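All remarks here apply to the structure that follows.
Values in this text are rule-based calculations from the coordinates and carry no lab data. If you're wondering where the values come from, they're calculated on a predicted model, not measured in any experiment. All Cβ positions, glycine included, derive from the backbone under ideal geometry; neighbour counts span all protein chains shown.
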Amino acid sequence: MNSPLQIALIGAGVMGRQHFQHLSKLPDAQLCAVADPGPQAAVFAAGCGVPYFDNHRRMLDQVRPQAVIVANPNNLHVSTALDCIAAGVPVLLEKPVGVHLDEVRELVAASAGYGVPVLVGHHRRHNPLIASAHELLASGVLGQLTSVTGMWQLQKPDSYFDVLWRRDPGAGMLFTNLIHDLDLMRHLCGEVVQVQAITRNRVRGFANEDSAAVVLEFENGALGSLTGSDAVAAPWSWELTSGENPVYPHQPDQPCYLLAGTRGALSIPQLRHWRYAVAVAGWHQPLISEQLAYEPAEALDRQLQHFIRVVRGEACPLVDAADAGRTLALVEAIRQAAETGRACTPETL
Ligand SMILES: NC(=O)c1ccc[n+]([C@@H]2O[C@H](COP(=O)([O-])OP(=O)(O)OC[C@H]3O[C@@H](n4cnc5c(N)ncnc54)[C@H](O)[C@@H]3O)[C@@H](O)[C@H]2O)c1
């Protein structure tokens, strides 16, 4: 029986504290220190009964944790993770992996060079319903994947934008929210080779987008669309339909992703698999559908359990820095496409 893995937390804000809630339920890992220069963090560390540091480098030197969770602001992700890697400490790094592709390339090289794993917190991939969807798609039962539809349509309350940086370019729904949907689309449907996009700010009038329409061409030939808005009274988003996070009222009957192939289709999160009952298919024939079974479980719990296996050398990261970098490259291509009005290709990593 292994002794509990000693995990430090760098960045004890909203997300860092959520990680702590999940960590505190696991028998095989425990929090050993908190590093965060913010005014509330020392109180939080005291409440958890662990040493507090206002500087993560000092924490790494003095505590020598076996692993860290990094949930500080996006622009500090790569530099913080590089410090952890240099200290030989595996990292669960919140998404986005970084803010520029060049810094992500540096991170990928450091992780490989030091042999220290980085797991990036695209936690939805750990949701068992996504694992089931992934398995179905990988089985080929949908035939040739042809048409991919994603929706992220909901309403953020006006008070969300009282925090002024949330109105700035780069802090809009594309980098904050659609990045999750785009990561899942890559995970389920494969790499994207070309995008076209329009973003607008007509509802809120801030410097960043409140709506977006994205056209995607996948490497396997499938074509897709992702439409999003954070200013509409609508239920079609992962947040509202999946029930993953209880802070969002659940709309279990509505989909957020529709994936169609030549022999079948899948709606998510319902996991309803559609197909023809007869061999000679066509629009005059009835479609039948069945719901795939899966065992619900907390995605953040599963992500942490997976991280522990990664740290113990029992698994490779489900989402490593290079993989998360490809999601960032896709978001960056969409930003460029919206800015230039041209089709753009995501950079390779
Ligand atoms: N996976 C998800 O669904 C999800 C959801 C929300 C946020 N996030 C990510 O989590 C990260 C944190 O977001 P948040 O909403 O918790 O923000 P937050 O502002 O609530 O927390 C950030 C924390 O980092 C601290 N911090 C600032 N500088 C630091 C430094 N140099 N070293 C250590 N800590 C420092 C701040 O004091 C603050 O406590 C972001 O990268 C965000 O993208 C992910």
**OP:** Rounded to the nearest 0.05, what FRET efficiency do Ala42 and Asp301 give with R0 = 22 Å and r taken as the Cβ-Cβ distance? Could you check?
**Re:** 0.20
Original post:
Using a Förster distance of 35 Å, how high is the FRET efficiency between Glu191 and Asp61, based on the Cβ-Cβ distance and rounded to 0.05?
Top reply: 0.30
Subject >> Order by protection proxy (mean Cβ within 10 Å, highest first), peptides 181-187, 192-198, 19-25 >> reply: 181-187, 192-198, 19-25
Original post:
What ranking do 293-300, 329-336 get when scored by the average of other Cβ atoms within 10 Å per residue, highest first?
Top reply: 329-336, 293-300
**OP:** Could you calculate the contour length gain from Asp158 to Gln144, that is, 0.36 nm times the residue separation minus the distance between their Cα atoms, to one decimal place in nm?
**Re:** 0.8 nm
**OP:** Please give the contour-minus-distance gain from Thr227 to Phe206: 0.36 nm per residue of separation, less the Cα-Cα distance, rounded to one decimal in nm.
**Re:** 5.7 nm
Subject >> Length-normalised contact order for the chain - Cα pairs under 8 Å, 6+ apart - percent >> reply: 18
Original post:
Counting only residues 5 or more places away or on other chains, whose amide H sits under 5 Å from the amide H of Gly121 once H atoms are built in the peptide plane?
Top reply: Leu93, Glu94, Lys95
**OP:** Rounded to the nearest 0.05, what FRET efficiency do Ile288 and His134 give with R0 = 25 Å and r taken as the Cβ-Cβ distance? Could you check?
**Re:** 0.65
Subject >> Distance in nm between pseudo-label sites at Tyr276 and Leu26 (7 Å out along the Cβ direction from Cα) >> reply: 4.7
Original post:
If a helix is a whole DSSP H run, which ones in the chain reach 30 Å or further along their own axis (Cα) and hold a mean Kyte-Doolittle hydropathy of at least 1.0?
Top reply: none
**OP:** Report the label-to-label distance for Arg309 and Thr262 in nanometres (one decimal), using points 7 Å from each Cα along the Cα→Cβ vector.
**Re:** 3.5
**OP:** Identify, among Trp274, Tyr248, Ser225, the residue whose Cα sits farthest towards the positive end of the charge dipole of the chain, taking +1 on the Cβ of Lys and Arg and -1 on the Cβ of Asp and Glu, with the dipole about the Cα centre.
**Re:** Trp274
**OP:** Per DSSP H run of n ≥ 4, the term is -39500 (n - 2.57); total these for the chain, divide by its residue number, and report the mean residue ellipticity at 222 nm rounded to 500 deg cm²/dmol.
**Re:** -9500 deg cm²/dmol
